[in-house]
1. Out of the residues in the stretch 155-173 that are over 27 Å from the mean Cα position of the chain (by Cα) and of a type in the set (A, V, I, L, M), which is most open to solvent (accessible area, probe 1.4 Å)?
2. Could you list, in sequence order, all residues of the stretch 170-196 that are over 21 Å from LEU242 (Cα atoms), touching a helix residue (DSSP H, G or I) at 6+ places or on another chain (Cβ under 7 Å) and in a loop (DSSP other than H, G, I, E, B)?
3. Which residue pairs have Cβ atoms under 8 Å apart, sit 6 or more places apart or on different chains, and have a first residue in the stretch 173-191 that is under 14 Å from LYS121 (Cα atoms) and a second that is open to solvent by 20 Å² or more (accessible area, probe 1.4 Å) and among the aromatic types (Phe, Trp, Tyr)?
4. May I ask you to list the residues in the stretch 148-168 that are free of Cβ contacts under 8 Å to residues at least 24 places away in the same chain and closer than 30 Å to ALA241 by Cα?
5. Exactly one condition in (1) closer than 25 Å to GLN253 by Cβ; (2) at pLDDT 95 or above; (3) out of contact with any helix residue (DSSP H, G or I) (no Cβ under 7 Å at 6 or more places or on another chain) is false for ASP131; which is it?
6. Could you tell me which numbered condition GLN145 fails, if it satisfies all but one of (1) closer than 19 Å to ALA230 by Cβ; (2) modelled with pLDDT of 95 or more?
7. Farther than 27 Å from LYS121 by Cβ and either open to solvent by 80 Å² or more (accessible area, probe 1.4 Å) or at pLDDT 95 or above (or both): is that true of ALA257 in this structure?
8. List pairs: first residue in the stretch 221-243 and free of Cβ contacts under 8 Å to residues at least 12 places away in the same chain and of a type in the set (Phe, Trp, Tyr), second residue open to solvent by less than 60 Å² (accessible area, probe 1.4 Å) and in a helix (DSSP H, G or I) anywhere in the structure, Cβ distance under 6 angstrom, at least six positions apart or on different chains.
Amino acid sequence: CQDTSPLLQLGVPYARSTIELKALIFQRPPFTGDLQTHHTAHTPALHVGCTCRPDLHSSMHLTMMRCRTASIRAVQRSMAPARRCATTTTQQQHGIGSSARTQAAATMSEASTSASLGQWKPGAEIRMLYDGECSLCMKEVSFLQGRDAAAGKIDFVDIAAASYRPEENAGITFQAAMERIHAVLPDGTVVTDIEVFRRLYEAVGLGWVYAITKYKAVESAGNAVYNVWAKYRTQLTGREALDVILARHKAEQEGKAGSLCRDSNGAVTAACDLPGGGSSSQ
């Protein structure tokens, strides 16, 4: 390790970087320009902490390589706490940022859901949309209201009421609610058909009545039967055809009065005003 000729053969840039690195680690004076003088005066600074064995004295290049490796590792070890601190800080900042974004998204989602459901009944687990002008439907509604009087788990909303607003009921229009039964959950989820009845009866403690409809095959069969009923329920209960009711409701919403016009096939096409307030059918 005392032979400096191989060191000189390595060239000043390599020797300079190694010596200065060792000087930084062991707090020794840096290289000043005279390689021979610096190496002789500060030999301990060059070899402290390095692997220099007597059998390697003839190979200064190998010794320098080992010293350089040991020095770099020492610097890396000394910088490890700082790197860990920086990494931890970055992770914490990222975590805080992600948490803030998640919380903001959840708040926006809750606000959006609240706006689409209007005034939700406190404690309600489900909102039932029903046709208040359907006599048979009202018998079931009355039964459920009686069963739910104490618990208050069902929020009953009459779609036939003048105060009904689709924007306050998950966007469900009067027409959609008339064509098939709908219910809304507190998170804004919309359910239809047989599933509505199953959830309603579960809410009043009679889940066993529709429990069998949890099987997909049974539910599909039940929905098929219900869809036929829903299509003709107004006529079966002594009211006008569903398309007539829907057309009249649309006319009222648009502020029109008069008769309902029909096409050549007898289907309702629109509500129209006739001169002199008369009415006719086409």
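1. Per the stated criteria, the residue is ALA162.
2. Within the stretch 170-196, ALA170, ASP187, GLY188 meet the criteria.
3. What qualifies is PRO186/TRP120.
4. Scanning the stretch 148-168 gives ALA162, SER163, TYR164, PRO166.
5. That leaves (3) as the condition not met.
6. Unmet condition: (1).
7. No; evaluated as a whole, the condition is false for this residue.
8. none
The values are calculated or read from the model by the stated rules, or taken from the named source; none is laboratory data. Every value quoted in this text rests on a predicted model; they were computed, and no experiment measured them. Here Cβ is always computed from backbone atoms with ideal geometry, including for glycine, and neighbour counts include all displayed protein chains. Side chains are part of the model used for accessible areas, which takes the heavy atoms of the whole protein and leaves out ligands, DNA and RNA. Shrake-Rupley method; radii C 1.70, N 1.55, O 1.52, S 1.80 Å.
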